[in-house]
Amino acid sequence: MSEPRTAESADSRKTGAATVFSVPEGKRISVGAPSLIALANGKLLVAFDQAGPDVKGLNGKKGHDAKRNRWMQGRVMSSGDGGATWQLAATYPFRRASLFRDGGDVYLLGEASGGLCLMRSPDGGGSWSAPMELTGDLDLWLAPTSVLADGDSWFVPCLIPSAGGMGLTVFRAPRGASLMNRKAWSQGPVSSPLSQLIPSAAGAGFGVPAGGAAIAWRDPVLARISDPKHPWHAGGALHVLGATTSGRQHWAAVMRLAAADLSVAPQPAPGGAPWVWLPLPGGHEKFDLFYDEPSRQHWLVGSRGSPGLPLGHEASQEDGLHRLGLWSSVNLSDWLFSAPVVSGGEGPAGIRCDPSAAVCGNDLVWACRAGGEQSRNARETTQLFCGRVANFRLRNA
């Protein structure tokens with residue numbers, strides 16, 4: 001499957017970024033958050049959703065959400081020249097999908113009408129299997145870029161309805177196994193919503209929530225703490241970091257995941273009290289986070305937010321969705337700004353949000369949603385941009 005190379009837009013040329021995809025003029029379609037991976041040979045793959053009234057008429061594989069009467073189509077784009085030009089590699093009938101690689105296979109894991117759905121490519125994204133539903137209808141909400149390898153397992157965090165809100169649940173599958181087998185996947189218990197966990201952590205507010213904000217989390221990302229001196233390090237434990245609506249920018253929620261039974265609970269502080277809030281760059285919006293073994297640091301690409309100190313409703317307005325940055329940390333708590341990533345102008349057309357990042361040699365490659373002339377708000381982004389931060393490890397050396 002192929003199509004003409006994507007031409008660069010005027011917006012992308014201004015920022016030094018390349019255009020992965022742009023919605024054709026006149027089409028009532030918006031693009032979702034991307035997932036990006038870099039293969040060993042330097043090839044790049046980006047997966048993202050398409051939504052809107054005109055998706056129904058698109059060629060290729062499509063899915064239909066009967067509950068909401070919405071059509072959906074995802075696209076996998078590939079680049080063999082470092083991200084300068086992109087070609088269509090596949091379409092898929094689900095959404096909110098993450099790319100990850102297990103051995104010689106590339107997988108695409110997403111959600112179709114509430115349940116997990118998976119596709120496999122044995123040749124680096126050149127060809128793909130038919131989609132397989134893994135779980136049936138569970139009403140899951142996935143965040144792209146969130147699949148984590150630890151030990152002999154893959155872990156995937158999801159949000160799922162719980163007690164009137166959204167709780168966390170985690171799926172697991174063995175590495176190196178036939179992942180296109182429903183029996184390979186198991187689900188952990190569902191946690192309480194974040195708003196119900198906060199009252200049990202009276203000493204862990206640290207100034208949030210603020211301004212009467214309705215507490216909620218979204219876009220969970222898994223992290224592994226490798227430093228044995230870190231107070232949160234423990235065998236058989238991972239951590240879930242979630243972007244939060246808290247009335248403050250740059251704050252996220254942190255939970256501890258027990259790998260043995262996949263249960264999620266607040267992380268105890270050294271004194272024993274539960275620790276819920278974590279100061280995190282861009283923690284008020286979707287961010288991407290990964291651990292880089294050569295530098296022994298955690299790296300984060302996220303929103304740089306609005307100037308000043310917006311509180312309450314102002315903290316979640318679109319004014320803070322126009323700039324992305326890169327930060328690093330050795331402990332997930334103290335963060336050092338490394339580099340600006342991309343910036344847009346004012347208004348919906350200048351939106352730059354929902355980043356995904358991957359290491360490609362000595363560089364960090366990124367992709368993000370971007371607004372365009374047709375955009376009326378942050379949800380109606382019509383472009384995907386990508387670029388790279390050269391020699392990113394040397395930024396904080």
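The values are calculated or read from the model by the stated rules, or taken from the named source; none is laboratory data. These figures come from a predicted structure and were not determined experimentally. Cβ placement follows ideal geometry from the backbone for every residue including glycine, while neighbour counts extend to all protein chains displayed.
Of (1) part of a loop (DSSP other than H, G, I, E, B); (2) of a type in the set (Asp, Glu); (3) at pLDDT 90 or above, ASP139 satisfies all except one. Which?
(3)
Of all residues in the range 323-360 being over 28 Å from GLY42 (Cα atoms) and of a type in the set (Gly, Ala, Ser), which is surrounded by the fewest Cβ atoms within 10 Å (Cβ to Cβ)?
GLY345
Would you call TRP299 closer than 30 Å to PRO228 by Cβ, touching a Pro at 6+ places or on another chain (Cβ under 6 Å) and either surrounded by 14 or more Cβ atoms within 10 Å (Cβ to Cβ) or among the basic types (Lys, Arg) (or both)? Step through it out loud before you land on a result.
Numbers: closer than 30 Å to PRO228 by Cβ: yes; touching a Pro at 6+ places or on another chain (Cβ under 6 Å): no; either surrounded by 14 or more Cβ atoms within 10 Å (Cβ to Cβ) or among the basic types (Lys, Arg) (or both): yes.
For TRP299, the condition - closer than 30 Å to PRO228 by Cβ, touching a Pro at 6+ places or on another chain (Cβ under 6 Å) and either surrounded by 14 or more Cβ atoms within 10 Å (Cβ to Cβ) or among the basic types (Lys, Arg) (or both) - is not met.
Does GLY371 satisfy the criteria of being in contact (Cβ under 8 Å) with a residue 24 or more places away in the chain and either on the phi < 0 side of the Ramachandran plot or among the basic types (Lys, Arg) (or both)? Before you say what the answer is, go through the steps one by one.
Values: in contact (Cβ under 8 Å) with a residue 24 or more places away in the chain: yes; either on the phi < 0 side of the Ramachandran plot or among the basic types (Lys, Arg) (or both): yes.
So GLY371 passes the test.
Does at least one position in the range 147-170 carry a residue that is farther than 19 Å from LEU241 by Cα and of a type in the set (A, V, I, L, M)?
Yes.
Counting only residues that are farther than 21 Å from ARG218 by Cα and touching a Gly at 6+ places or on another chain (Cβ under 7 Å), how many does the range 348-397 have?
Final tally of qualifying residues: 11.
LEU108 - would you say it is buried (at least 24 other Cβ atoms within 10 Å of the Cβ), at negative phi and assigned to a strand (DSSP E or B)? Lay out the reasoning, then the answer.
On the way: buried (at least 24 other Cβ atoms within 10 Å of the Cβ): yes; at negative phi: yes; assigned to a strand (DSSP E or B): yes.
Considered against the rule, which asks whether it is buried (at least 24 other Cβ atoms within 10 Å of the Cβ), at negative phi and assigned to a strand (DSSP E or B), LEU108 comes out as yes.
For residues that are hydroxyl-bearing (Ser, Thr, Tyr) and not in a strand (DSSP E or B), scanning just the range 111-135, find the one that is surrounded by the fewest Cβ atoms within 10 Å (Cβ to Cβ). Steps first, please.
Residues of the range 111-135 hydroxyl-bearing (Ser, Thr, Tyr): 113, 121, 127, 129, 135.
Imposing the further condition that a residue be not in a strand (DSSP E or B) reduces the set to 113, 127, 129, 135.
Values: SER113: 22, SER127: 12, SER129: 14, THR135: 18.
The extreme case among them is SER127.
Residue pairs, Cβ under 7 Å, 6 or more apart or interchain, first in the range 16-33 and farther than 11 Å from PHE385 by Cβ and of a type in the set (Ser, Thr, Tyr), second at pLDDT 95 or above and assigned to a loop (DSSP other than H, G, I, E, B). List them.
Going by the 7 Å Cβ cut-off, the qualifying pairs are SER30/THR381; SER30/THR382.
Does GLY207 satisfy being modelled with pLDDT under 90, touching a helix residue (DSSP H, G or I) at 6+ places or on another chain (Cβ under 6 Å), not in a strand (DSSP E or B) and not polar (S, T, N, Q)?
Taking the combined requirement at face value, the residue does not satisfy it.
Of the residues that make up the range 298-312, is at least one of a type in the set (S, T, N, Q) and over 23 Å from GLY151 (Cβ atoms)? Show your work before the answer.
Step one: list which residues in the range 298-312 are of a type in the set (S, T, N, Q), which gives 303, 306.
Adding the requirement that they be over 23 Å from GLY151 (Cβ atoms) leaves 303, 306.
Yes, the range 298-312 contains a residue that is of a type in the set (S, T, N, Q) and over 23 Å from GLY151 (Cβ atoms).
State the number of residues belonging to the range 352-397 that are part of a strand (DSSP E or B) and not charged (D, E, K, R).
So the count comes out to 19.
Return the residues of the range 262-294 that are part of a strand (DSSP E or B), free of Cβ contacts under 8 Å to residues at least 60 places away in the same chain and either surrounded by 23 or more Cβ atoms within 10 Å (Cβ to Cβ) or not hydrophobic (A, V, I, L, M, F, W, C) (or both); say none if nothing qualifies. Please lay out each step first, then the result.
First pass over the range 262-294, keeping only residues part of a strand (DSSP E or B): 263-268, 274-275, 277-279, 288-292.
From what's left, free of Cβ contacts under 8 Å to residues at least 60 places away in the same chain: 267-268, 278.
GLN267, PRO268, listed by residue number.
Which one of these is crowded, with 18+ Cβ neighbours inside 10 Å and free of Cβ contacts under 8 Å to residues at least 24 places away in the same chain: TRP154, TRP71? First the steps, then the outcome.
Numbers: TRP154 fails: free of Cβ contacts under 8 Å to residues at least 24 places away in the same chain.
Going through TRP154, TRP71 in turn, just one is crowded, with 18+ Cβ neighbours inside 10 Å and free of Cβ contacts under 8 Å to residues at least 24 places away in the same chain: TRP71.
Filter the range 301-322 down to the residues that are out of contact with any Ser or Thr (no Cβ under 9 Å at 6 or more places or on another chain), at pLDDT below 95 and either in a loop (DSSP other than H, G, I, E, B) or of a type in the set (S, T, N, Q) (or both) and list them by number. First the steps, then the outcome.
Filtering the range 301-322 for residues out of contact with any Ser or Thr (no Cβ under 9 Å at 6 or more places or on another chain) gives 302-303, 305-309, 311-313, 318.
Right, trim to at pLDDT below 95 and you get 305-309, 311-313, 318.
Listed by number, the residues that qualify are GLY305, SER306, PRO307, GLY308, LEU309.
Could you say whether any residue in the range 323-341 is among the aromatic types (Phe, Trp, Tyr), part of a loop (DSSP other than H, G, I, E, B) and under 27 Å from MET255 (Cα atoms)? Break it down stepwise before answering.
At the first step, the residues of the range 323-341 found to be among the aromatic types (Phe, Trp, Tyr) are 327, 335, 337.
Of the ones still in play, those that are also part of a loop (DSSP other than H, G, I, E, B) are 335.
Subsequent filtering for residues that are under 27 Å from MET255 (Cα atoms) retains 335.
The answer is yes; a qualifying residue exists.
State which residue is nearest to ASP152 (Cα to Cα) when the search covers only the range 172-184 and only residues that are of a type in the set (A, V, I, L, M, F, W, C) and in contact with a Leu (Cβ under 7 Å, 6 or more places away or on another chain). Quick ask: steps written out before the conclusion?
Initially, the range 172-184 is screened for residues of a type in the set (A, V, I, L, M, F, W, C), giving 173, 177, 179-180, 184.
Restricting the remaining residues to those that are in contact with a Leu (Cβ under 7 Å, 6 or more places away or on another chain) gives 173, 179-180.
Values: ALA173: 9, LEU179: 13, MET180: 17 Å.
Checking each candidate, the answer is ALA173.
For the range 172-189, which residues satisfy the criterion of being in contact (Cβ under 8 Å) with a residue 60 or more places away in the chain and of a type outside the set (D, E, K, R)?
Initial filter on the range 172-189 (in contact (Cβ under 8 Å) with a residue 60 or more places away in the chain): 172, 175-176, 179-180, 185-189.
Matches in the range 172-189: GLY176, LEU179, MET180, TRP185, SER186, GLN187, GLY188, PRO189.
In the range 208-260, which residues are small (Gly, Ala, Ser) and buried (at least 21 other Cβ atoms within 10 Å of the Cβ)?
Answer for the range 208-260, where residues must be small (Gly, Ala, Ser) and buried (at least 21 other Cβ atoms within 10 Å of the Cβ): GLY242, ALA243, SER246, GLY247, ALA252, ALA253.
From the residues in the range 1-45 that are of a type in the set (Gly, Ala, Ser), crowded, with 20+ Cβ neighbours inside 10 Å and in a loop (DSSP other than H, G, I, E, B), which one is modelled with the lowest pLDDT?
ALA17
List the strands (runs of 3 or more DSSP E) inside the range 46-95, counting only whole elements, that have at least 2 residues being under 15 Å from GLY126 (Cβ atoms). Break it down stepwise before answering.
Working: elements: 63-65, 70-79, 87-92.
In the range 46-95, the matching strands (runs of 3 or more DSSP E) lie at 70-79, 87-92.
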